[in-house]
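Bear in mind these aren't lab numbers, they're just calculated from the coordinates by the rules spelled out. Please read all numbers here as calculations on a predicted model, not as lab measurements. Please note: Cβ atoms are built from the backbone with ideal geometry, for glycine as well, and neighbour counts cover all protein chains shown.
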Amino acid sequence: MTAWGPPPPVVVDLGRSATRKVLAGGSVAGVLGILALVGAVSAFADGEPVGGVVAGVIGVVFTGIGLMAVVKWKTISRPRKLIIEPQGIRLDDPQGTPWAVGWQELGAISISRTRERVVQLSDALVRRTMVRVDLHPRDPQRFRPSHPTMEPLWELHRVQNGYRLPLGDSAGFIAPLDHGLRTFAPQIYRGVIDEGFTVGLR
């Protein structure tokens, strides 16, 4: 509470973050794919068919990833905002499935994160922090029928008796989310829950 009234809502722009990631990943994949295809043509011209085939396959795969990013760009980059305010928390998703939950409907809410170590084919070790918002209703039997647009999030990723909103590799979201929940929902906020590390291969 400030001298001029309640604190402003905390707004996390999910669409902008997704757009940056898609453009960055798609651009890198597209460039690598084109370079690999050029290498394939050179290999065939130099009489190295095996190298040409390998480079060609790699080029097609990476170019396909880049093209997929272009095709999916409009869907992924649609305007979406997660808003934490005095009344509750809501997903502003005009072109998708928006929802809104009042604080009085929840028994608990938390931020969960998993830190991933991903070993890429280049032998580089990439560290990612996967962030989620977990919402646990006071009365799931009454809550679920009244929030049908949230049903795909019910018990997602092993959450029990609750909803999980995945935000992807978005460690930068933790601070504003934590601030918003401490400000507007201190009575039900359970903090940032660290679910440990995972190791994967890409």
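Stretch GLN87-THR114 to full length: gain in nm at 0.36 nm per residue minus the Cα-Cα span?
6.8 nm
Regarding the range 132-202, what's the average projected area of the Cα-atom convex hull, expressed in nm²?
6.1 nm²
How long are the semi-axes of the equivalent ellipsoid of the range 80-201, defined as square roots of 5 times the Cα gyration tensor eigenvalues? Whole Å, largest first.
Here the semi-axes work out to 27, 16, 14 Å.
Given 0.36 nm per residue, what is the gain on full extension from ASP139 to VAL57 after removing their alpha carbon distance, in nm?
My answer for the length gained is 24.3 nm.
Suppose R0 equals 45 Å; then what is the FRET efficiency for GLN104 and ARG127 from their Cβ-Cβ distance, rounded to the nearest 0.05?
Computed FRET efficiency for GLN104 and ARG127: 0.70.
What FRET efficiency would be calculated for the residue pair THR97, ASP178, taking the C-beta separation as r and a Förster radius of 30 Å, to the nearest 0.05?
Efficiency for this residue pair is about 0.75.
Post the alpha-carbon centroid distance, the range 124-161 to the range 98-117, in whole angstrom.
Value for the Cα centre distance between the two parts: 7 Å.
Modelled label-to-label distance, ARG190 and ARG158, 7 Å Cα→beta-carbon offset: nm?
Placing both labels 7 Å along Cα→Cβ, they lie 1.4 nm apart.
If you take every DSSP beta bridge whose two residues both sit in the range 80-201, what share of them, in percent to the nearest 5, is antiparallel?
Within the range 80-201, antiparallel bridges account for around 75 percent of the total.
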